[in-house]
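Here the structure comes first, spelled out in structure tokens, and everything after it is commentary.
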Amino acid sequence: MFALSFATSQEASRSGAVYLTFDESPQRLQGYIDRWTQKSKITFIDVRPDPEAVISGRHIELSPLFIRIENAIKKSGAKYLIIDAIDTLFEAFEHKSTVHLGLARVFDWCRQAGITLLATAGESENYRTGTGILDYACDCAIRLSQDMNDGLMSRSIRVLKNRGNGHGTNSYPYIIDADGISLIPITSTQMSAKAPKKHLSMGNKTLDQMLGGKGVWRGSTVMVSGQSGTGKSLLSARVAESACQAGLKVLYFSFEESPDQFVRDVASAGLRLREFIKSGALTIKSERPVERGLEEHIIRISRLVEANEPDVVVFDPISAIGDMGNAQAFKNVVIRLCHHMKSMGVTVIMTELLPDFADNYSTLNISSLVDSWVRLRRVENDGKLCRQIYVHKSRGMKTSNRIANFEITTKGLEIDLNQNE
Amino acid sequence: MRSVLDQLINRRLKDYLVLEVYFAGRTPTAVQAISNLEKICAEVCEPNAYQIDLINIIENPDAAEENGILATPTVIRRAPTPIRTVIGDLSDKEEVIIGLCLFST
């Protein structure tokens, strides 16, 4: 099922590998590999059983398998051996014990010769009885599986055993795409991220004042929450703009609007993002979250962040990803994402769209994760719609306790601290 | 069934038969297979109308690679075409004759 998988691990391609294939032709495999990498030193051995071969008599030896492997390894100097779809061998020959012995001999020889062997086997219900001995003969077993949840496929990987090494025991999600296999960065249980001593302006003097004068700490996680139409996207776009003006690099994930639409819309409030997109300071990525599973999302986001190396990342709105799965799974993903960003020293701005029924309470329940929390809300007053802003919390900041009115004008957010005095 | 096989055997091959036996050292199974094959050929082929080439893949591993040998002993009917393959100790005469197609079709 997952036969190809690890075949082209970087290590293997560096020192050369011998690849035994039991089900796909070497040409096809090489074709897959060419799509991933140019440099591969892989010697293929085609051991697909001939379906037309007739078997006569009870006695069969599998020594050719061994002889061919030894021959190929000697010739290529490979340090890695990959046996793909080992289970096919059990199907091709009736006498399981012959197959077991033949494979055990290969395993033993690899250990003695210092060859790292990777074998893949398709899993079936009677997988243990089918290839039983392999479980005991190998030093490390990794299980890959795929599950469907709510119509979305997710792949996961689990280390079953790893002799002589401590290993993670959980099942971790992974994706396969044009770059091969990607795993989610595992959440470190230790929090050792360094705390930068610089500030990031929120792009609004009054709001910076409310946050203690200089804005938020760089490398911190900032949440902007509010119901629809309260100006979340505008505020985070303004943060992005001012960060760009300060010479920082920004990666903006817009889950609701296309980059073009987004730039046009915030331009109505006086924000000029286009020039920063041109200069490369600002990158806007728009993706419809519904098309991917939660895990796939976080992997793609992490990878984009790693490739882009921004100073500031904006998720607008983070709650869009939350539509994908259950609340706990979502929270886990956000925790991972935030930790990962923090460890890279990236400032995270995320907006949360609050449903009207939520009555201004966050439904994501990730308050403890965020360092600063700015809340926006709508109040209907005297036949007028009034927008309000306040700082819910900001770690390490002398924050204002004011609830200030603000308006969205052609010059952006105008916060009036003097009202309601 | 026996009569059918006899009928087939009576239809002798017209072309010169070339068989290759791939084996991994002179194991009891290999010796048995070679001896079985010789007996069968003597029975179903005209004398001097066939040859059996023995290829020890321990001495010649490249031959195993080139011919995609997965298990030993393996017999390949090289000529006349079509190429046919039989694996095992060849103790089942019927399977060998039908598998290698040792008669005219």
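The values are calculated or read from the model by the stated rules, or taken from the named source; none is laboratory data. Worth saying up front: this structure is predicted, and the values here are computed from it rather than measured. Ideal geometry is used to build each Cβ from the backbone, glycine not excepted, and the neighbour counts take in all protein chains shown. Ligands, DNA and RNA are excluded from the accessible area calculation, which covers all protein heavy atoms including side chains. Shrake-Rupley method; radii C 1.70, N 1.55, O 1.52, S 1.80 Å.
Long-range amide H contacts for residue A:119: which residues qualify at under 5 Å (H placed 1.01 Å from N, peptide plane, sequence gap of 5 or more or a different chain)?
Those qualifying (amide H under 5 Å, at least 5 residues apart or on another chain) are A:83.
Once phi is turned into θ = phi - 60°, what whole-Hz ³J(HN,Hα) does the Karplus curve with 6.51, -1.76 and 1.60 give for every residue of region B:87-95, x standing for Gly and Pro?
10, x, 7, 6, 7, 9, 4, 4, 4
For residue B:79, list long-range residues whose amide hydrogen, built 1.01 Å from N in the peptide plane, is under 5 Å from its own amide hydrogen.
Result for residue B:79 returns B:18.
So what J values fall out for region A:108-114 if you push phi through Karplus, 6.51 cos²θ - 1.76 cosθ + 1.60 with θ = phi - 60°, rounded to Hz, Gly and Pro as x?
Working through the residues one at a time gives 4, 4, 4, 4, 5, 7, x Hz.
Roughly how many percent of the accessible protein surface of chain B is carbon and sulfur, given a 1.4 Å probe and a whole-percent answer? Don't skip to the answer; put the middle values down first.
On the way: 2510 of 5040 Å².
In chain B, the share of accessible area belonging to carbon and sulfur is 50 percent.
With a cap of 12 neighbouring Cβ atoms within 10 Å, and only residues DSSP puts in a loop, list the GluC sites (Glu not before Pro) found in region B:15-62. It would help to have the intermediate numbers written out before the result.
On the way: sites: B:20, B:38, B:43, B:59; in loops: B:59.
Taking region B:15-62 and a limit of 12 other Cβ atoms within 10 Å, the loop GluC sites (Glu not before Pro) found are B:59.
Taking 50 Å² as the minimum loss, tell me which residues in region A:60-96 lose that much accessible area going from the chain by itself to the full protein complex (1.4 Å probe).
Listed in order, they are A:61, A:64, A:67, A:68, A:71.
Could you list which residues have their amide H under 5 Å from that of residue A:45, counting only those 5 or more apart in sequence or on another chain, with H placed in the peptide plane?
A:19, A:20, A:21
Could you work out how far apart the two model spin labels at residue A:25 and residue B:39 are, taking each label as a point 7 Å from the Cα in the direction of the beta carbon, and quote it in nm?
Taking the two extended label points, one gets 4.0 nm.
Which percentage, to the nearest 5, of the DSSP beta bridges contained in region B:10-105 is antiparallel?
Numbers: 9 of 16 bridges.
If I count the DSSP bridges inside region B:10-105, around 55 percent turn out antiparallel.
Given a 1.4 angstrom probe, what's the average accessible area per residue across region A:58-110, in square angstrom?
42
Would you mind giving the total buried accessible surface between chains B and A, with a 1.4 Å probe and ligands, DNA and RNA left out, rounded to the nearest 100 Å²?
Numbers: alone 6030 and 22380 Å², together 26390 Å².
For chain B against chain A, roughly 2000 Å² becomes buried.
So if I take the centroid of the Cα atoms in region A:218-260 and the same for region A:70-105, what is the distance between those two points in Å?
Cα centroid to Cα centroid, the span is 55 Å.
Using a probe radius of 1.4 Å on heavy atoms only, what accessible surface per residue do you get for chain B? Whole Å² is fine.
On the way: 5040 Å² over 105 residues.
Accessible area per residue: 48 Å².
Output ³J(HN,Hα) for region A:215-229: one whole-Hz value per residue in order, computed from phi by the Karplus curve 6.51 cos²θ - 1.76 cosθ + 1.60 with θ = phi - 60°, and x for Gly and Pro.
Using θ = phi - 60°, the values come out as x, 9, 5, 5, x, 9, 10, 10, 10, 10, 10, x, 6, 5, x Hz.
Once label points are set 7 Å from the Cα along Cα→Cβ at both residue A:308 and residue A:165, what is their separation, rounded to one decimal in nm?
3.3
So if we plug the beta-carbon distance of residue A:285 and residue A:139 into 1/(1 + (r/R0)^6) with R0 = 41 Å, what FRET efficiency do we get, rounded to 0.05? Let's see the in-between values first.
Working: r = 41 Å, r/R0 = 1.01.
Here the calculated transfer efficiency is 0.50.
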